[in-house]
Amino acid sequence: MSIFLCDSYYEDVPTLDEVKHEISDIVGLREVKNQLETILEKIIDAEKDASDGFRVVPPKPFHMVFVGNNGTGKSTVARVLGKLFYLSGALSSYTVTEMQGNQKMKGAEGGVLLVNIDEEDPINPKTVDKIISAMDEGDSSIIFAGNQRALNQYMKFNNELYKRFSARLQFDDLTCEELAMILQKKANKKGEDNLMCGFEFDASCSTENITQIIAEIVPGNLSSILNAHLLDQMLIEAKKVADKRGEKIIYLRDLGIGIQNGAQIYKSLLNF
């Protein structure tokens, strides 16, 4: 079951320093971060070799499988990979285009095509053929993403597709502490277009306290289905509580109510 979908991500032209910061800013996913850092170091080494006069041959783009539930960071990592492949010279674009598996084939424009696999929405065979052709052309990097069951079920009947993947990354569910850390990062972001614009957390909203509230209020099965996708609605609900009071400070009690109300909204949405 896929709930969230975005067609394309367009960002500013990346630099190695910016991508390095993005990788370090990812919460959890230790093994995935290690692999991203390895790719980053190879790019840095290649740039050094080029500056020293050595001939550097850009790597070829490769195709990957991302295994994990909703909200575990698959789209975030796809965007980082797109930038890394672009900076290495493997891809001509750093744009990430995202599509649902049952949609008409989208062009990746020389960047990354992220295909979300859903058990309830199988890919049309004609679309599979077009994806395989795109993989063989080698102008783009194709990433298939979904939970373990959906991917296993799909790949079992699509060997021609499966054998074209070169790497598999595992995205584990986020712990309550990791969800708390992401919640704090969202709250600390500045800018008019940020979710928390004009609002800020009180000092009582520590990682430890937020972790405890999430553990007590959010059902484990709901958290494993949505992970970080839960958090925006929880912040919106917490802001409503503070706003009713006529304040821009979100106290721990406000956040607790926001977390509870946000969880209830998704429980109702998913018929829990």
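The values are calculated or read from the model by the stated rules, or taken from the named source; none is laboratory data. On a predicted model such as this, the values are computed, not experimentally measured, just so you know. Glycine also receives a Cβ, built like all others from the backbone with ideal geometry; neighbour counts cover every protein chain displayed.
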Find the residue count for the stretch 80-134, including only residues that are among the basic types (Lys, Arg) and touching a residue at least 40 places away in the same chain (Cβ under 8 Å).
2
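Results for (1) more than 29 Å from Arg149 (Cβ to Cβ); (2) at pLDDT 95 or above; (3) of a type outside the set (Phe, Trp, Tyr), shown as yes or no for each residue.
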| site | (1), (2), (3) |
| --- | --- |
| Val56 | yes, no, yes |
| Phe62 | no, no, no |
| Gly68 | no, yes, yes |
| Thr72 | no, yes, yes |
| Leu87 | yes, no, yes |
| Lys104 | no, no, yes |
| Ala108 | no, no, yes |
| Val115 | no, no, yes |
Which one of Ser140, Ser166 is crowded, with 23+ Cβ neighbours inside 10 Å and assigned by TED's automatic domain parsing to the domain that holds Glu22?
Ser140
Select from the stretch 95-122 the residues that are acidic (Asp, Glu) and assigned to a strand (DSSP E or B) and write down the one among them that is surrounded by the most Cβ atoms within 10 Å (Cβ to Cβ).
Glu98
Under the condition of being in contact with a Lys or Arg (Cβ under 9 Å, 6 or more places away or on another chain) and at pLDDT 90 or above, which residue from the stretch 132-150 is farthest from Pro61 (Cα to Cα)?
Gly146
Within the stretch 169-199, of all residues that are in contact with a Cys (Cβ under 8 Å, 6 or more places away or on another chain) and in a helix (DSSP H, G or I), the one surrounded by the fewest Cβ atoms within 10 Å (Cβ to Cβ) is Gln184
Among the residues of the stretch 57-94, write down those that are farther than 16 Å from Leu169 by Cβ and assigned to a loop (DSSP other than H, G, I, E, B).
Val57, Pro58, Pro59, Lys60, Gly89, Ala90, Leu91, Ser92, Ser93, Tyr94
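So, of the residues in the stretch 209-233 that are touching a residue at least 40 places away in the same chain (Cβ under 8 Å) and of a type in the set (Gly, Ala, Ser), which turns out to be surrounded by the most Cβ atoms within 10 Å (Cβ to Cβ)?
The selected residue is Ser223.
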